[in-house]
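Coordinate-derived values only; no laboratory data. Just so you know, these numbers come straight off a predicted model, no measurement behind them. Note that we place each Cβ from the backbone using ideal geometry, even for glycine, and neighbour counts take in every protein chain shown.
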Amino acid sequence: MTRIKNMIYKLIKPVHIEGNLSNLTLAIPRILCGIFLAGYFGGSKFGMPWTDAEQGLALFQVAEWFPEDVAKFGGLFAMFPLFFAWMGAASEAIGGVFLALGLKTRVASFLIVCTMLTAIFFQKWDDGLWSMLPAMGFLWVAMYNLVLGSGKFGLDYIIARVMNNQSSKDSIPKEVMV
């Protein structure tokens with residue numbers, strides 16, 4: 001159990017960055033990109049509570065047009081279009097929420113990086129650089145957060161502190177704690 005706990009701790013613990021201004025500089029793009037991904041980009045493809053009722057999407061349902069677009073990428077995408085459409089839309093909508101909250105930031109960032117690379121190379125490549133810019137922006141923000149974690153202004157930071165305090169209490173003999 002300790003081994004699993006240590007692995008989870010290492011996965012969520014943000015890189016220590018001195019100063020609130022530096023942490024705020026890391027948090028603002030993370031929060032904004034998470035909100036844009038969840039609210040606009042993911043929400044238009046994936047049924048979420050905030051998805052437009054006009055879309056007619058049930059909770060966690062992928063828009064009908066999206067698997068068709070994904071199938072056009074060919075290869076594995078053509079073999080499993082619904083799976084890849086669901087993963088892409090979920091990484092934007094759900095991953096965007098996690099990114100905005102700074103919760104499981106590295107996991108969400110990894111999924112967003114995969115989705116944005118797919119969007120850049122399979123969907124937007126022939127349309128030129130200008131059409132790639134949104135995906136590239138989300139890619140860069142997700143890459144920074146994949147490496148650095150949520151920073152001080154994210155739930156991962158709070159969870160890591162609680163886990164660290166709990167593990168230090170566990171390692172202190174009970175006689176000393178009384």
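Length gain on complete extension for the stretch VAL147 to PHE83, per 0.36 nm per residue less the alpha carbon to alpha carbon distance?
Contour length minus the Cα-Cα distance gives 20.3 nm.
Computed from the coordinates I sent, Kirkwood radius over Cα pairs in Å equals one of [x] 17.6; [y] 17.2; [z] 16.6. Tell me the label.
[x]
With 10 angstrom as the radius, rank TRP86, TRP130, TRP140 by how many other C-beta atoms surround their C-beta, starting from the fewest.
With the fewest neighbours first, TRP86, TRP130, TRP140 line up as TRP130, TRP140, TRP86.
Can you compute the helix-only [θ] at 222 nm over the chain? Use -39500 (n - 2.57) per DSSP H run of at least 4 residues, normalise by all residues, nearest 500 deg cm²/dmol.
-20500 deg cm²/dmol
Once the dipole of the chain is set up with Lys and Arg at +1 and Asp and Glu at -1 on Cβ about the Cα centre, which of GLY19, LEU139, PHE46 lies farthest towards its positive end?
So the residue we want is GLY19.
With a point put 7 Å past each Cα toward its Cβ, work out how far ILE158 is from PHE73 in nm, to one decimal.
3.4
What list do you get for PHE153, PHE83 if you sort them by fewest beta carbons within 10 Å?
Sorted ascending by nearby Cβ count, the order is PHE83, PHE153.
In debye to the nearest 20, how big a dipole does region 38-144 give about its Cα centre with +1 on each Lys and Arg Cβ and -1 on each Asp and Glu Cβ?
Around 440 debye, computed over region 38-144.
Could you put VAL162, VAL141 in order, starting from the residue whose Cβ has the fewest other Cβ atoms within 10 Å?
So the residues, fewest neighbours to most, are VAL162, VAL141.
Which of the peptides 115-122, 40-47 is most tightly packed, and how do the rest follow, judged by the mean count of other Cβ atoms within 10 Å per residue?
The most tightly packed comes first, giving 40-47, 115-122.
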